[in-house]
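Structure first, commentary second.
The values are calculated or read from the model by the stated rules, or taken from the named source; none is laboratory data. Everything numeric here is computed off the predicted structure, so don't read it as measured data. Cβ coordinates were reconstructed from backbone atoms using ideal geometry, including for glycine residues, and neighbour counts include every protein chain displayed. To get the accessible areas, we keep the full protein, side chains included, count just its heavy atoms, and leave off ligands, DNA and RNA. Shrake-Rupley method; radii C 1.70, N 1.55, O 1.52, S 1.80 Å.
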Amino acid sequence: MAKNLNMLLMDGTANGGIKCTVGNWTGVAFKIPRDKVESFKNRDELKYSGIYFLFGENEVYIGQAGNRKNGNGILDRIFEHKRNAKKNYLNEAVIFTTSNNSLGSTEISFLENKFCNLAIDAKRYEVKNSNDPSPGNITEEKEIELEEFSEYVQIILEVLGYKVFQPADEKNVSDNEDVLFYLERTIKTTNFKVKATGKKVENGFIVLAGSTISPDLDFNIGNNIKNARATAKINNENILLEDILLGSPTAAARFVTGRKLSNGPGSWINSGGTSLYDFLKSEK
């Protein structure tokens, strides 16, 4: 079915703020670059409750914000993230709210849970949420309404260039690259030696079968890594039996080492001793 999607370039360029609406839908979306957040502080819709996505390079954080006693709402939450040095990966925020402030706390909890799970299952972005959002407790009737809201969110994000819910197709990318990168490291806390081989592809980074994987995980490792470990085929000797596609080199390094602080682009080294970070920089 055709849909009437309206996009307003708020400063006249595609790289600035963008407002999105859909005919006969009360939802409103805003794409806001990090350096433009301050200019949106007087918009009434951003004082309401809603759902937001913070995008970095191959990273996404999905959150919710309700109305606050000071009269502010979801944009206040974006300011908090921007001030948090641990979340400096934020390049752009995409915010979804409504024109009539109709999303209550139960509704935004349901949507946050749904979008987190969809993004984790797709394995295209590294999902930065450290906790599993609660799905809330909604009626069947309300769930039908929110599924329609969810459909519009997914359409708008894809139109804006964020395929966060589109599963990466492992079959199409498994042999696209010839350059192999290696990660070898001894995990200090366990004295376990990991030895992995992988390659950068369009949709992320593939860890190849035959890699030796650390058997344990940091307690605060991301849910995307936990889910990848749970579905990966690893034998009793901690050998990966099948290739696995991760959303980014960093996610791949964390998958291999089980450590949250692994730096992907700097951890993977090719046969010539060049890190993936330097290799990609030289390719530009």
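So, in the range 114-147, of the ones that are outside any loop (DSSP other than H, G, I, E, B) and farther than 25 Å from E92 by Cβ, which residue ends up modelled with the lowest pLDDT?
Result: E140.
For the range 194-284, which helices (runs of 4 or more DSSP H) that fit wholly inside it have 3 or more residues that are open to solvent by 40 Å² or more (accessible area, probe 1.4 Å)? Show your work before the answer.
Values: elements: 223-231, 249-257, 264-267, 276-283.
Passing ranges, in order: 223-231, 276-283.
Tell me the residue from T257, T231 that is modelled with pLDDT of 90 or more and among the hydroxyl-bearing types (S, T, Y), please.
On inspection, the qualifying residue turns out to be T257.
Does D243 satisfy the condition of being in contact (Cβ under 8 Å) with a residue 24 or more places away in the chain and more than 18 Å from K123 (Cβ to Cβ)? Quick ask: steps written out before the conclusion?
Values: in contact (Cβ under 8 Å) with a residue 24 or more places away in the chain: yes; more than 18 Å from K123 (Cβ to Cβ): no.
The answer is no for D243.
Among the residues of the range 1-57, which ones are part of a helix (DSSP H, G or I) and not small (G, A, S)?
Of everything in the range 1-57, those that are part of a helix (DSSP H, G or I) and not small (G, A, S) turn out to be R34, D35, K36, V37, E38, F40, D44, E45, L46, K47.
Could you check, for the range 1-8, whether at least one of its residues is at pLDDT below 90 and surrounded by 16 or more Cβ atoms within 10 Å (Cβ to Cβ)?
No: the range 1-8 contains no residue that is at pLDDT below 90 and surrounded by 16 or more Cβ atoms within 10 Å (Cβ to Cβ).
Which residue out of G23, G16 is open to solvent by less than 70 Å² (accessible area, probe 1.4 Å), touching a residue at least 12 places away in the same chain (Cβ under 8 Å) and closer than 13 Å to A93 by Cα?
Values: G23 fails: closer than 13 Å to A93 by Cα.
Going through G23, G16 in turn, just one is open to solvent by less than 70 Å² (accessible area, probe 1.4 Å), touching a residue at least 12 places away in the same chain (Cβ under 8 Å) and closer than 13 Å to A93 by Cα: G16.
Scan the range 95-129 for residues that are of a type in the set (D, E) and in contact with a strand residue (DSSP E or B) (Cβ under 6 Å, 6 or more places away or on another chain) and jot them down.
Listed by number, the residues that qualify are E112, E126.
List, please: which pairs have Cβ atoms under 8 Å, are six or more places apart or on different chains, and start with a residue in the range 154-165 that is assigned to a loop (DSSP other than H, G, I, E, B) and end with one that is among the β-branched types (V, I, T) and surrounded by 18 or more Cβ atoms within 10 Å (Cβ to Cβ)?
Within 8 Å, the pairs are L160/I18; L160/V94; Y162/V60; Y162/V94; V164/V60.
Name every residue in the range 58-73 that is among the acidic types (D, E) and not in a strand (DSSP E or B), in order of residue number.
Of everything in the range 58-73, nothing turns out to be among the acidic types (D, E) and not in a strand (DSSP E or B).
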